[in-house]
1. Just name one of Val17, Met29, Val47: the one whose Cα is farthest towards the positive end of the charge dipole of the stretch 1-56 (beta-carbon charges, Lys/Arg +1, Asp/Glu -1).
2. Lys14 versus Val62, label points 7 Å from Cα toward the beta carbon: distance in nm?
Amino acid sequence: MDLEALGNFIRVKKPHVIVIGGESREALMIQEELKRLCVDISQEEQVPKIKVEIVDNQLAKVFANSIKGMVIPEFVLIMSSVLSALWKFTLVWSIF
């Protein structure tokens, strides 16, 4: 993972949360790296702390393979999975 490029992207876009679609232990390691990066950015830029969350991507895969998930056929499966993971994350947070 190119942390420098990712750090620059985060500095420019200033997200409130970063969501990782996880189905392996690797997602936990990526989450820890991103948390450290976000803490550094928050301290350097003096911006609010950026949350880094992991969501189960099984629902994202089902949605991506559904008719609704294929609304834009140009999107490859991975993009549909990302979009549906964000959709699920938004639903989960709107419940709270």
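1. Val47
2. Between Lys14 and Val62, the simple spin-label model gives 3.8 nm.
Quick note: the coordinates plus some simple rules give every number you see, no bench work behind them. This structure is a prediction, so every number in the text was calculated from the model and none was measured. All Cβ positions, glycine included, derive from the backbone under ideal geometry; neighbour counts span all protein chains shown.
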